[in-house]
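Okay, structure first, notes after.
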Amino acid sequence: MGKEIYDVIVWGATGFTGKWVAKHFYDQYHETPLRWAMAGRNIKKLKEVASFIGDTTYEVPTILADSEDEASLMNMVNQTKVVLSTVGPYAYYGSLLVKVCAETGTHYCDLTGEVPWMRRMISEHHDIAQKSGARIVFSCGFDSIPSDIGVHFLQEQAKAAFNEPLIQVKFYMLAAKGGASGGTIHSLLNVIEESKDSQEVADLLENPYALNPNYLTFDGPDMQDQSKARYESQIKKWTAPFIMGAINTRIVRRSNALLDFSYGKNFSYTETQVTGAGIKGRLAAEVMAGGFKLLWLFASKEVTLSLLKKYILPSQGKGPEVDPDNPGFYKILLIGQTASGDQLSAIVRGDADPGYGSTSKMLSEAAICLAEYEEPLHVAGGCWTPASAMGATLLKRLRSNAGLSFDIK
C-alpha cells in the first residue's frame, strides 16, 4: 500500500492518553478532509473508543498491529504519512516502531520523557532517518512543547526587539492543576530503574547536554539540574526542583544545537517550580525537594518499587478522574536576558490538565504539522525536537487548536 491512505495514525488509541488524542481528532477534524485512523493490538477495544469520543455512529478506521511484531508495524506505517505514538514506556514498547518509521521514511511523534531511550534512538536512527526523509520528533506533550516552543517564541521576539538572542532563559512553573497518567509515571520509574542498573545511563542523566549531537564533548554553561529548595531573587519567591525539568531542559538545548546554535553556544536554560514567598514558600519548597529525593530512593529499591506500583501509583492505561467542568490548567513564566542586558518575559498558558488534556491536544497538533496538512515544513529527515522541526508552524496550531497561549509579558 502507498502512503496516501491516512495523514495520521494514532498508535495506542485505547490507552488513557490515546483516547484523549482520538477525542481531539474527532472534535477538531471529523468534518474536515484530514484522514486519520487508530491502531493497536485489540480491535474490539479500538472499536470501543467511539463511545469515548461521544459519537458511536462515527466510524474511525482501525488497524491491528503489535509493538513486538515488525511485519504488523510495517503494514501500519505503510498506510500513513505520520504515526503518533502514545504507547509507553517507550523503552519497552517503542524502539521497533521508531526503527520501522526511520527505515520507511514515515514521520513519527510521541510524548516520551525518557531521556536515555531518546539518546539511544537518536544514536541508532538519526542517520537512517536523514536518508529516508523520516522526521522523528520526540517529546511532543507537556514535556516538552510548552518549554521548547515557549523558548523558541521568546527568542524570536527578542531577536526582533533587540537584534540579538537571549543568552539566558529561566523557566518558572507558576501554577498547575491536573494529574499524571499511569503510562507517564511508569515511564519515569523505568528511567530510575535503568539508572540503577547501568552506570552509563546514570552518567547520561547527569549530563545537561545528553540529547545534543555531540553530547560527550559539548562544553556549555549549564550544570546539573536543581535538586534543593532555592530562593529566586529575580521573582522574589522560593522554588523547588521541577519534575519535568530534567527532560525539558535537554530538549531545549538540543533544539538550540539543531538550529545551528541560533540561541548562542553559551546559551543557558533552567527550569524550576515556584512554591511561593516567605516562610510558607520555603517550607513548601523544602517538602517538595525532599519528596523527589524519597521518590527516587523508593523507586531505586526493588521492594519499595513493587509496593509503589501495586498499591499507590496508577497502572498503565489508567489515569486521573476527569471533570469536564474543571479540566485543569497550567501557567508558566519565561524570563530571558541578552548579552547586552536587555530582558524579555513571556507567559505560557494551557487550558487543560497538563498530564493528559493539554498533552493530547499538543501531540495531535504536532502530528498534523508533520503531515503537512495545511502548511509545509522545511526540514529534512532526522531526529528532531518540536521547535527545530516545526517552530512557528506548530506555534500557530497550538494557539488556534490546542488551547495554548504565548504572550509577551
- Message: Only counting other Cβ atoms within 10 Å, I'd like 109, 101 sorted with the fewest neighbours first.
- Response: 101, 109
- With each pseudo-label sitting 7 Å past Cα toward Cβ, what's the residue 52-residue 287 distance in nm, one decimal? 3.4
- Which residue fluctuates the most in the chain, going by a Gaussian network model with Cα springs under 10 Å, if the choices are 90, 269, 231? 231
- Going by alpha carbons, how many degrees (0 to 90, nearest 10) lie between the helix axis of 357-370 and the longest principal axis of the chain? 70
- For residue 337, the net charge from surrounding residues (Cβ-Cβ under 11 Å; K, R +1; D, E -1) works out to -1
- How many nm is it between the label spots at residue 407 and residue 78, if each spot is 7 Å from the Cα in line with the beta carbon? 5.1
- Based solely on its DSSP helices, what 222 nm [θ] is calculated for the chain when runs of n ≥ 4 H residues each add -39,500 (n - 2.57) and the sum is averaged over all residues, nearest 500 deg cm²/dmol? -14000 deg cm²/dmol
- Message: Which of 353, 407, 27 has the fewest other C-beta atoms within 10 Å, and how do the rest follow up to the most?
- Response: 407, 27, 353
- Once you've got the GNM for the chain with C-alpha springs shorter than 10 Å, pick whichever of 139, 340, 123 has the biggest mean-square fluctuation. 340
- What angle do you read, to the nearest 10 degrees and between 0 and 90, between the alpha-carbon axis of helix 386-401 and the longest principal axis of the chain? 80
- Where labels lie 7 Å past Cα in the beta-carbon direction, separation of residue 124 and residue 339 in nm: 4.0
- Work out the length of the dipole vector of the chain about its Cα centre, built from +1 on the beta-carbon of each Lys and Arg and -1 on the beta-carbon of each Asp and Glu, and round it to the nearest 20 debye. 900
- Go ahead and set up a Gaussian network model of the chain, Cα springs under 10 Å, then flag whichever of 366, 13, 50 fluctuates most. 50
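Suppose R0 equals 51 Å; then what is the FRET efficiency for residue 71 and residue 203 from their Cβ-Cβ distance, rounded to the nearest 0.05?
On the way: r = 37 Å, r/R0 = 0.72.
After rounding to 0.05, the efficiency reads 0.90.
What does the charge count around residue 174 come to, taking other residues whose C-beta lies under 14 Å from its C-beta (Lys +1, Arg +1, Asp -1, Glu -1)?
Around residue 174, the charge tally is +4.
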- Positive-end residue, the chain charge dipole about Cα centroid, Cβ charges, pick of 100, 60, 356: 356
- Task: Would you work out the relative contact order for the chain, in percent, from Cα pairs under 8 angstrom that are 6 or more residues apart?
- Result: 22
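All of the numbers you see were taken from the coordinates with simple rules; none came from a lab. These figures come from a predicted structure and were not determined experimentally. Ideal geometry is used to build each Cβ from the backbone, glycine not excepted, and the neighbour counts take in all protein chains shown.
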